[in-house]
1. So, in nm, how far is label A:Arg265 from label B:Ile254 when the simple model puts each one 7 Å beyond its Cα toward the Cβ?
2. Spin-label point model (7 Å from Cα, Cβ direction): what's the A:Gln361 to B:Lys232 distance in nm?
3. Decide, for the protein assembly as shown, between rounded, prolate and oblate: order the square roots of the alpha carbon gyration tensor eigenvalues as a ≥ b ≥ c, take rounded if a/c falls under 1.5, and otherwise choose prolate if a/b is larger than b/c, else oblate.
4. Which values of log₁₀ I(q)/I(0), to two decimal places, follow from the Debye formula for chain A at q = 0.08 Å⁻¹ with a uniform point scatterer at every Cα?
5. Taking 28 Å as the cut-off for C-alpha to C-alpha distance, list the pairs among A:Lys176/B:Lys308; B:Lys148/B:Lys232; A:Lys189/A:Lys262; A:Lys211/A:Lys359; A:Lys209/A:Lys301 that go past it.
6. Which of the chymotrypsin sites (Phe, Trp or Tyr not before Pro) across region A:315-364 are loop residues per DSSP, with 11 or fewer other Cβ within 10 Å?
7. Using a 10 Å cut-off on Cβ to Cβ distances, tally the other chain neighbours for every residue of A:101-108 and report the average as a whole number.
8. Return the tail of the calculated pair distribution for region B:137-207, meaning the percent of Cα-Cα pairs more than 15 Å apart.
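The values are calculated or read from the model by the stated rules, or taken from the named source; none is laboratory data. As the structure is a computational prediction, the values presented were derived from the model and not from experiment. Cβ coordinates were reconstructed from backbone atoms using ideal geometry, including for glycine residues, and neighbour counts include every protein chain displayed. Quick note on the areas: whole protein, heavy atoms, side chains included, nothing else; ligands and nucleic acids left out. Shrake-Rupley method; radii C 1.70, N 1.55, O 1.52, S 1.80 Å.
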Number of protein chains: 2
Amino acid sequence: MKTAFDTSVFPISADCNAVLKALQPIFQEQGMTETVHNWEDHGYLATYIKKNGSFANLRIHPHGLVLVDLQSYNDHIKGREEVDQLLNKVEERMKELFHGNIKRVKRLPAILRGGVIDRYWPTADGRLVEYDIDEVVYDEDSPFQNIKILHSKQFGNILILSGDVNLAESDLAYTKAIMGSGKEDYTGKEVLILGGGDGGILYEIVKLKPKMVTMVEIDQMVIDGCKKYMRKTCGDVLDNLKGECYQVLIEDCIPVLKRYAKEGRMFDYVINDLTAVPISTSPEEDSTWEFLRLILDLSMKVLKQDGKYFTQGNCINLTDALTLYEEQLSRLYCPVEFSKETVCVPSYMELWVFYTIWKKQTDI
Amino acid sequence: MKTAFDTSVFPISADCNAVLKALQPIFQEQGMTETVHNWEDHGYLATYIKKNGSFANLRIHPHGLVLVDLQSYNDHIKGREEVDQLLNKVEERMKELFHGNIKRVKRLPAILRGGVIDRYWPTADGRLVEYDIDEVVYDEDSPFQNIKILHSKQFGNILILSGDVNLAESDLAYTKAIMGSGKEDYTGKEVLILGGGDGGILYEIVKLKPKMVTMVEIDQMVIDGCKKYMRKTCGDVLDNLKGECYQVLIEDCIPVLKRYAKEGRMFDYVINDLTAVPISTSPEEDSTWEFLRLILDLSMKVLKQDGKYFTQGNCINLTDALTLYEEQLSRLYCPVEFSKETVCVPSYMELWVFYTIWKKQTDI
């Protein structure tokens, strides 16, 4: 299933009718049936229909913009060649008509729609990006979310949770950043990981000889998928839920945190790999911020006085969400300080902000 | 100028006519005029035209795929809301019709076409990616190429030469990689840079106290644009074409290399920042490979026996082009060896391969 999509932009200063007359034969030569709509004030839309189910839209705007869209169900390569030939003709004809005086011609790659493989996973800031996905490796609904693992030629397998790109096998930069960018000594330390079902953080920390790492992941199916298909990220660490210096609890982290707080259990590091900062900043999202604050408050309760809390924030472009997150930090039960770092995570296609948070040291 | 573009995919198993009948009222309620084409074998295309110049295509495929495309000339935000409302209705109606039994619904971000700012700069491997461009900073044609510097909210200013994303202010990773990834000692060394008009390599090497850096850039206008708008990349190094330990020659590098070779001038490092490996691997491109080999041969002639040659290769997905490049290396006048490294350059949206090449050391 293929949808060819292409644009040609010709800022011009001529009447729309002349453009229509010049371009009509190109489509008619293809054996396409024409339907023309004339808005008078808004130019023309000509629709060209082919017997094989393809069609084209030619939209001519009166101020000098011409858009051509083609949609077809053809075989991939053949369709692309056909599209190129047709658009070459459109371009030539327009150059003839305006004696080469055309400001811009732009063609966009075809968008592939409706196939088994979906290559379009928009960024957190809402931009359209196409991934080089060539295989659906895993696609299941758990009680909590949709879990996809898709194969990218360059990034390896990518974990996508409910439509959000979480982590690819290429993304050691993410794991390093959320562990403190190599500036921490985990040897002999007590570590708590919230979420982290892909196993990346656990795998990297276990290498550093910690005393004990506890990981609390709610979704067993994420672990099942990742231990099979994200082995470059998690190694063999998810093969057992218990190792020499780690344990994985399949639980909601809130009751676990409450239990630890009650027991007075303390950690050197708490790493929150749960969720991105909510993107929406509308009032009805207040409960999400409250949830975030609850996690932060409980985490601070189980964090040693000189401990550190690491978390991912959001993409650098969502400045309002980042500011709101930082405002939450001033509303915790104890005073905290924070620093942030911007990191390029290969599969994200956007720069990402990570936070380090620690308890403010008062009168020592 | 805005073109809203959106998709809804509903793999279904019902006759197309039922789908058309269910969705028609949604568009008609909008005061849109309908034109329906029935292919018999290939389903329906319904075109809906609004008085304000917008239109919609509803394409119903017989095997159960429904595509909705909307194109409008509206104000940005208003247009997006309208599109969302309409697509919500389409989705609801489809869920009613099939009792919630719909395999996938996918909406894509709107594509903005024909405006002053062009946000779409496809990757080297041909994928559609949208950048967060918000300003055209510089746009000029030199005798050699089109030079654009566009501002990205997250990457800073981006240099785009004839449509290819060259370097953004965020891309120190590129400059570091093409300088040998921090493993080289440039102190007191003789360095030759081919191309490099953005000044990034020159700026970074000059900091490392080389004996002399010679940069040969053909296009004065690239330097003019970058010294003004890419200062995070080049600092003040392009303000003068001559410094204490560097000189910039505005020349074609081929005659310069020939002159140096004739004079017996030798360098510790040659850094080729000229052009990517040709993407096309078709026979008519043979001259491009010959050009690449000429540059390589001449560079080896001016490279000391223990010197190193650095260059960027191509995106990691263009494996054929990378292989062809490596084949050229075995066809030089002297035997060479090489290593390669894959690097994530933030603004590229794809992983990039860099080469280190050196003269094979014989019988020592």
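1. 7.1 nm
2. 3.3 nm
3. Because a/c hits 1.5 or more and a/b fails to exceed b/c, the protein assembly as shown counts as oblate.
4. Treating every Cα as an identical point scatterer, log10 I(q)/I(0) equals -0.56.
5. Where the Cα-Cα span goes over 28 Å, the pairs concerned are A:Lys176/B:Lys308.
6. A:Tyr333
7. 2
8. Cα-Cα pairs in region B:137-207 separated by more than 15 Å: 59 percent.
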